[in-house]
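Asks: One structure coming up, written as structure tokens, with questions to follow.
The values are calculated or read from the model by the stated rules, or taken from the named source; none is laboratory data. This is a predicted model, so every value here is computed, not measured. We place every Cβ from the backbone using ideal geometry, glycine too, and count neighbours over all the protein chains shown. Heads up: the accessible areas ignore ligands, DNA and RNA and are worked out on the full protein's heavy atoms, side chains in. Shrake-Rupley method; radii C 1.70, N 1.55, O 1.52, S 1.80 Å.
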Amino acid sequence: TPSWFEGFTATVDYWEIELTDAISSIDGQTILDRCFDSESGINNVYCGLIDRDGTTGEITQIRSYALNIAGQEAKGIDFELGYDFDALEGAFRTSLIATYLKDRKEFPFQDNPEVFYQYA
């Protein structure tokens, strides 16, 4: 607080958050795509969500669960400005709180960081 501006306060905080293993659900088509297009072959977690008829080999069920597969990143700056003063036989307190969201990305599959949604 500057001494020449009595009653004024200011804070500025920079923050950066990285969330891994975020819970996300996957639709049936994405499960099929990630099962059959996997570089590791069909022996992966997505193929394990597909049930087939033992005789015909047709798909009978695709199980979609909430899985820890997603990731998120966010960066920003929080601002808080305040001014306290006396007037009209009372005390007044003012404040302004704001956030600047510098960057926010959501990764549907954290094992594929090239694919993400940019929100800021």
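Asks: Between residue 59 and residue 100, what length comes free when the chain is fully extended (0.36 nm per residue of separation minus the Cα-Cα distance, one decimal in nm)? Spell out each step's value before the answer.
Replies: Numbers: separation 41, 0.36 × 41 = 14.76 nm, distance 4.80 nm.
Length gained between residue 59 and residue 100: 10.0 nm.
Asks: Just to be sure I understand the curve: with the Debye formula and one point per C-alpha of region 66-120, what is log10 I(q)/I(0) at q = 0.14, 0.23 Å⁻¹?
Replies: -0.57, -0.87
Asks: Roll a 1.4 Å probe over the protein heavy atoms and report the accessible area of residue 23 in Å², nearest 10.
Replies: 130
Asks: At 1.4 Å probe size, put 4, 15 in order of accessible surface, largest to smallest. Please list the in-between numbers first.
Replies: Values: 4 200, 15 60 Å².
Accessible-area ranking of 4, 15, largest first: 4, 15.
Asks: Taking a probe of 1.4 Å, how large is the accessible area per residue of region 12-54, in Å²? Could you put the intermediate results ahead of the total?
Replies: On the way: 3040 Å² over 43 residues.
Accessible area per residue, region 12-54: 71 Å².
Asks: Which of 82, 54, 90 ends up with the largest GNM mean-square fluctuation for the chain, with Cα atoms connected below 10 Å?
Replies: Evaluated over the chain, the most mobile residue of the options is 90.
Asks: Skipping prolines and chain starts, which residues have an amide H placed within reach, meaning under 5 Å, of the one on residue 8, given they are 5 or more residues away or on another chain?
Replies: 84
Asks: Further, regarding this structure: For the chain, what does the helix formula give at 222 nm: sum of -39500 (n - 2.57) over DSSP H segments with n ≥ 4, over the residue count, nearest 500 deg cm²/dmol? Mind dumping the intermediate values first?
Replies: Values: 1 runs with 9 residues, N = 120.
It lands at -2000 deg cm²/dmol.
Asks: Right, something else. Answer with a single label: of (1) 16.4, 57; (2) 16.5, 47; (3) 25.5, 88, which was calculated as Rg and Dmax of the Cα atoms in Å from the structure in view?
Replies: (3)
Asks: What list of ³J(HN,Hα) values in whole Hz, one per residue of region 60-74 in order, does the Karplus curve 6.51 cos²θ - 1.76 cosθ + 1.60 (θ = phi - 60°) give from phi, with Gly and Pro shown as x?
Replies: 9, 7, 10, 8, 10, 10, 7, 10, 7, 10, 9, x, 9, 9, 8
Asks: So, one more: Got the relative contact order for the chain handy, in percent, Cα pairs under 8 Å and 6 or more residues apart? All intermediate terms of the calculation are to be shown ahead of the outcome.
Replies: On the way: 222 pairs, mean separation 33.5, N = 120.
After rounding, I find 28 percent.
Asks: Oh, and also: Out of 56, 44, 79, whose Cα points farthest toward the positive end of the dipole of region 28-97 (charges: +1 Lys, Arg; -1 Asp, Glu; placed on Cβ)?
Replies: 56
Asks: If you roll a 1.4 angstrom probe over the protein chains with everything in place, what fraction of the accessible area of the chain belongs to carbon and sulfur, to the nearest %? Don't jump to the answer; show the numbers that get you there.
Replies: On the way: 4640 of 8920 Å².
Solvent-exposed carbon and sulfur of the chain make up 52 percent of the total.
Asks: Report ³J(HN,Hα) in whole Hz for each residue of region 103-120, in order, from the Karplus equation J = 6.51 cos²θ - 1.76 cosθ + 1.60 where θ = phi - 60°; Gly and Pro get x.
Replies: Along region 103-120, the couplings run 7, 8, 10, 10, 9, x, 10, 5, 7, 10, x, 6, 9, 7, 9, 9, 10, 8 Hz.
Asks: Once you've got the GNM for the chain with C-alpha springs shorter than 10 Å, pick whichever of 107, 85, 36 has the biggest mean-square fluctuation.
Replies: Highest fluctuation among the options: 85.
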